[in-house]
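Heads up, the thing below is written out as structure tokens.
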Amino acid sequence: MKCRGEIIEVENKMAEMDVDQLDNSDRADSPATGLSAYDDRGHGHSFVKKTFHKPTYCHHCTDMLWGLIGQGLVCEVCNFVVHEKCLRTVVSACSSIAASLVRNPVAHCWSEPGQFKRKFCNVCRKRLEDSLAVRCEICEYYAHLDCHDFVVSDCKECAIYSPTITRASVVHYHHWREGNLPANSKCLACKKTCWSSECLAGMRCEWCGLTAHASCHRLLPAECNFGSLREIMLPSSCLSMPRMDLSVETMMGMSKKTSPNFTVTDRSARTISEDWSSSGDSRNDDTEERERRSPRERDTKDRDKDTESEIIRVFDGNASMKRRLYRTISVPKNAPAQAILEAALKTFHISDDPKNYYVAEASEFGERELDESKPIRAQLKTPDGKRPSIFLRYKESDPDKGHIKVYPGCLKVSSGHKNITVTSESTTEDIIRTALKKFGIDVHDSDPSRYRLIEVLLDKGVSERTLAHNDKPWELIKNCRKESLRQNQMTRYYLQQREDPHGPSISLFVGNLPTGLSQRQYEKILLDIVGKQNKWVRFDVIYYEYGALVLDFSSADKATRVFNILKDAVFDDKQLLVLLLPNIQPHMIPENTNPLLVFVNVKSGGCQGLNLITSFRKLLNPHQVFNLENGGPLPGLYVFRNVPYYKILACGGDGTVGWVLSCLDNVGQDAICQSPPLSILPLGTGNDLARVLRWGPGYTGGEDPLSYLRDVIDAEDIKLDRWTVIFHPNEKEQDDVKVAIANDTNSANTNEDTTTIFVMNNYFGIGIDADISLDFHQAREEKPDKFNSRLHNKKVYVQMSLRKMVNKHPCKELHRCIKLEVDGKLVELPPCEGIIILNILSWGSGANPWGPEKEDQFQKPTHYDGNLEVVGITGVVHMAQIHSGLRTGIRVAQGGHLRITLLTDLPVQVDGEPWIQPAGQVVVLRSALKATMLKKSKNKIRRRNTEPSIFFPENDGLKAQSPSDENSSGAL
């Protein structure tokens with residue numbers, strides 16, 4: 001949902017509710033069956049006593065249920081299992097009322113369907129291993145595909161800035177999520193283990209990682225300080241997203257390949273004649289019916305074959321009947337219609353009073369209401385052997401009058417929703433006036449036309465629709481009840497300002513355009529695609545070198561139309577890229593907070609990049625994390641352009657780091673923070689720069705991403721020399737044809753400038769090492785899918801090196817093919833097949849060709865001393881000896897200005913990018929561009945991984961302790 005309100009603790013609302021408040025909530029009286037005496041405690045469960053035939057654990061205290069019969073109780077809706085002794089202390093809400101406890105619904109960002117080990121469904125509380133499931137990419141919410149209809153849209157609110165709030169008045173609250181806690185998690189309140197591998201138990205804050213028992217989390221401070229990551233966290237109060245009719249995945253910049261909105265019930269749609277044919281159900285239908293059961297029915301033992309039970313299809317309205325989508329319930333054949341009604345309400349997670357509903361048989365003869373007091377089989381006209389179908393209907397007490405709940409949404413009011421009395425003649429404008437008066441907003445001072453009534457549907461996500469001022473909401477509600485009772489239960493009405501309080505500025509990033517065009521040419525290209533009626537307000541910035549730009553809009557509707565047009569547009573055989581960018585409010589960033597901008601190259605390190613981007617989105621604000629597949633570093637750098645100071649984490653290889661630094665060189669001058677410090681999470685093959693800065697040889701997937709973020713906080717700033725490499729090939733003889741054409745067109749000059757310029761960060765090689773890198777690069781370009789493993793890449797590199805030993809190559813006697821000048825002095829080269837010019841003391845996956853320090857004419861090298869080191873290599877065998885540490889390279893020279901003359905075409909490489917360079921001049925000089933890097937602290941105290949929580953107390957002296965030690969201090 002695009003509406004954002006003030007920061008609240010949704011989960012604590014349930015704890016603070018008394019009986020009167022519950023009566024005013026979306027849940028009315030509890031069902032008549034079960035232990036109704038405990039239903040008014042706020043959790044909404046419908047408990048019944050049950051005998052368990054296998055080891056079962058209490059979802060409240062996580063202890064095993066002991067005994068032979070009647071060991072505990074289970075909720076008939078959500079399968080919550082509990083000891084009878086724990087019943088009075090249960091605080092976990094049933095999934096039937098969980099949605100009603102959320103004030104500002106936020107849709108989840110669902111992953112593709114898959115299988116997840118050692119996880120539990122947050123809806124039915126069952127294990128996920130046995131069936132397909134989806135998870136939220138932002139928070140730890142898991143659900144079976146069968147349970148997806150009943151998920152609660154309570155994801156983290158990541159962008160809630162409003163101009164009416166100030167930094168001093170902002171209070172962030174915990175966002176609690178039940179179950180699926182990391183192993184060894186301990187409760188901060190009682191210091192005992194609060195996780196379980198046997199059931200969905202325990203609570204965890206999605207922001208700070210604090211863990212606690214369900215009964216203990218109320219005892220903890222309500223305010224969340226983001227734990228140990230608060231120094232790099234971008235709080236949600238600093239971010240705003242415009243109100244646009246786009247999916248949450250789109251607004252988060254996440255590509256979604258498939259939709260999880262399908263369930264097994266969508267596999268086939270059958271006609272009414274097939275359902276009510278005289279022939280019996282086929283065997284295939286039997287299997288399909290079992291799959292269509294509600295979550296609480298899936299674990300029963302062959303109720304289909306139980307001759308004493310009746311399997312009944314239940315439709316919640318006309319829409320489900322048309323689509324042939326239903327759920328099944330199992331009841332005794334002699335059960336009264338009242339039992340059918342209560343079972344149907346539970347299977348659709350409707351916690352309303354059964355007196356407001358009735359059931360009617362749906363047959364080929366029409367719809368007929370059933371008597372609640374008589375047995376179901378005696379009233380059904382469906383023949384024996386056929387599965388009956390019934391409608392669950394709402395019983396209108398007064399068709400011409402009723403009540404609707406209106407929520408304040410973003411309005412700054414102290415109260416929650418208000419009940420508005422409406423009639424069949426009440427219009428949207430009438431309801432707006434009444435709601436403004438009930439919320440305490442003066443109608444005389446506030447024009448009702450400045451507000452609108454939004455219909456929000458929480459079914460399978462969050463979608464909204466603006467009601468016209470002449471619409472009659474009560475008629476819409478009655479029609480909705482006829483079409484789908486579940487959808488009616490999940491529909492809310494919000495009062496909202498017509499103007500977006502976040503401001504009129506909406507920024508769209510557009511990429512994959514041709515490079516080097518003028519502003520007028522870019523404008524013509526886009527107007528031909530979107531039309532002049534959808535023209536933007538202005539170009540905010542144009543990245544000519546990258547073929548990308550940012551468009552500013554003042555109308556959300558126009559921006560939405562342009563977004564939908566551009567996302568499917570193709571220009572010059574390239575799919576255009578369009579992203580909706582969030583707005584950061586720098587004045588809202590807390591003091592002593594330096595937000596971290598994370599770039600992840602998902603193509604690096606096999607699938608590790610995809611796993612990392614999911615982890616960082618959960619640990620940080622997802623708007624801090626950018627996928628480099630979507631426009632590269634430019635969108636993230638644009639979003640952070642007004643932040644006075646921030647840090648960058650580049651997840652990828654040395655090429656990814658160079659890519660980010662190159663974009664900083666081009667766009668950093670327009671930002672407030674022109675040179676933010678950059679840290680590295682190595683995902684590439686060589687990772688030489690990461691090795692020098694102590695970030696390690698490469699991420700293997702076993703490391704905890706949280707530990708990397710903590711290391712970034714403690715890392716120290718350090719400068720990195722950068723060098724400009726200028727390639728100027730010798731001028732070739734002019735083609736006679738080109739000269740003739742030039743004369744005909746009166747061209748003054750026919751000479752083309754073939755000079756190319758590169759920026760070097762790590763090293764520059766000429767000869768054998770560049771030749772091998774070129775072969776490797778060409779092989780990877782031909783079959784990129786095979787080069788997705790660091791070990792495989794090194795294996796191929798070794799094979800190509802061995803081929804160079806037995807085959808001729810153009811680097812024999814390289815010292816005769818080049819001339820080297822260092823600081824204006826000609827240097828005599830020793831016999832070699834390659835030379836390497838080093839800026840850092842790591843080359844080829846961690847080797848040090850320069851070698852250890854020794855007494856000679858050269859100074860001790862560093863990557864910030866303003867000098868380059870030149871090393872000679874005699875061949876492939878010498879390279880292998882350098883990699884193994886048996887030998888070092890031949891020290892040739894050291895200086896700050898190099899001029900190299902290539903007498904013939906030779907292979908060269910700059911930071912791992914190889915090519916064949918024609919004969920000519922190569923100049924290497926110190927660049928005016930500086931880079932600030934983050935170097936991992938060497939004396940950092942290693943934390944014990946005894947409790948994977950990111951929560952740390954306020955006491956700075958305890959930051960380096962293990963989480964278990966910190967918790968024992970009792971500081972909050």
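The values are calculated or read from the model by the stated rules, or taken from the named source; none is laboratory data. Not measured: the values here are computed from a predicted model. Heads up, the Cβs are rebuilt from the backbone with ideal geometry, glycines too, and the neighbour counts pull from every protein chain shown.
Some points to look at:
- Residue within region 190-201 that is outside the structural domain of LEU706 (by TED's automatic domain parsing) and within 27 Å of LEU239 (Cβ to Cβ) present: no
- Residues that are part of a strand (DSSP E or B) and of a type in the set (A, V, I, L, M, F, W, C), drawn from region 197-241: MET203, CYS205, ALA212, LEU239
- Filtered by the rule that a residue be within 50 Å of the chain's Cα centre (by Cα), part of a loop (DSSP other than H, G, I, E, B) and closer than 12 Å to ASP771 by Cα, region 791-825 gives HIS809, PRO810, CYS811.
- If you go through region 625-669 and keep only what is farther than 21 Å from ARG722 by Cα, more than 22 Å from the chain's Cα centre (by Cα) and either of a type in the set (A, V, I, L, M) or assigned to a helix (DSSP H, G or I) (or both), you end up with just VAL643.
- Picking from residues in region 655-711 that are touching a strand residue (DSSP E or B) at 6+ places or on another chain (Cβ under 9 Å) and of a type in the set (Ser, Thr, Tyr), the one that is nearest to LEU597 (Cα to Cα) is SER679.
- Residues of region 682-694 classified as touching a residue at least 60 places away in the same chain (Cβ under 8 Å) and in contact with a helix residue (DSSP H, G or I) (Cβ under 8 Å, 6 or more places away or on another chain), total: 7
- Among the conditions (1) crowded, with 20+ Cβ neighbours inside 10 Å; (2) modelled with pLDDT under 90; (3) more than 33 Å from the chain's Cα centre (by Cα), the only one that SER949 does not satisfy is (3).
- Test: residue in region 574-591 that is farther than 30 Å from LEU678 by Cα and surrounded by fewer than 19 Cβ atoms within 10 Å (Cβ to Cβ): yes
- Residue among ARG177, ARG118, ARG127, ARG167 that alone is surrounded by fewer than 23 Cβ atoms within 10 Å (Cβ to Cβ) and touching a helix residue (DSSP H, G or I) at 6+ places or on another chain (Cβ under 7 Å): ARG167
- Annotation note: of VAL870, VAL876, VAL892, the sole residue that is of a type in the set (Val, Ile, Thr) and closer than 24 Å to LYS795 by Cβ is VAL876.
- Count of region 398-450 residues which are of a type in the set (Ser, Thr, Tyr) and more than 20 Å from ASN479 (Cα to Cα): 6
- Test: ILE718 is in contact (Cβ under 8 Å) with a residue 40 or more places away in the chain, surrounded by fewer than 21 Cβ atoms within 10 Å (Cβ to Cβ) and not in a helix (DSSP H, G or I): yes
- The residues of region 697-731 that are within 26 Å of the chain's Cα centre (by Cα) and under 19 Å from GLY655 (Cα atoms), listed by number, are GLY698, TYR699, THR700.
- Among the candidates LEU610, LEU649, residue that is aliphatic (A, V, I, L, M) and surrounded by fewer than 18 Cβ atoms within 10 Å (Cβ to Cβ): LEU610
- Cβ pairs under 7 Å, 6+ apart, first in region 770-783 and touching a residue at least 24 places away in the same chain (Cβ under 8 Å), second assigned to a loop (DSSP other than H, G, I, E, B) and surrounded by 19 or more Cβ atoms within 10 Å (Cβ to Cβ): ASP771/CYS811; SER773/GLY912
- Among the residues of region 370-428, those that are within 41 Å of the chain's Cα centre (by Cα), part of a loop (DSSP other than H, G, I, E, B) and surrounded by 12 or more Cβ atoms within 10 Å (Cβ to Cβ) comprise PRO408, GLY409, CYS410, LEU411, LYS412, VAL413, GLY416, HIS417, THR427.
Conditions (1) in a loop (DSSP other than H, G, I, E, B); (2) at pLDDT 50 or above; (3) over 23 Å from PHE80 (Cα atoms), marked per residue:
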site	(1), (2), (3)
SER259	yes, no, yes
PHE262	yes, no, yes
SER273	no, no, yes
SER277	yes, no, yes
ASP281	yes, no, yes
LYS346	no, yes, no
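- Unmet requirement for PRO235, which otherwise passes all of (1) at pLDDT 50 or above; (2) under 19 Å from PHE391 (Cα atoms); (3) not aromatic (Phe, Trp, Tyr): (2)
- Candidates in region 769-799 are the residues that are touching a Phe, Trp or Tyr at 6+ places or on another chain (Cβ under 6 Å) and more than 17 Å from GLY609 (Cβ to Cβ); of these, the one that is surrounded by the fewest Cβ atoms within 10 Å (Cβ to Cβ) is TYR797.
- Restricting the first member to region 841-859 and to residues that are in the same structural domain as ASN762 (by TED's automatic domain parsing), and the second to residues that are of a type in the set (Lys, Arg) and outside any loop (DSSP other than H, G, I, E, B), the beta-carbon pairs closer than 8 Å and six or more apart or on different chains are SER842/ARG691; SER845/LYS794; GLY846/ARG691; TRP850/ARG891; GLY851/ARG891; ASP856/ARG891; PHE858/ARG891.
- Verdict on GLY606 being at pLDDT below 90 and either on the phi > 0 side of the Ramachandran plot or assigned by TED's automatic domain parsing to the domain that holds LEU706 (or both): yes
- Condition check for LEU649: within 25 Å of ALA159 (Cβ to Cβ) and touching a Ser or Thr at 6+ places or on another chain (Cβ under 6 Å): yes
- Any hit, region 397-404, residues being closer than 27 Å to THR347 by Cα, in contact (Cβ under 8 Å) with a residue 60 or more places away in the chain and of a type in the set (A, V, I, L, M, F, W, C): yes
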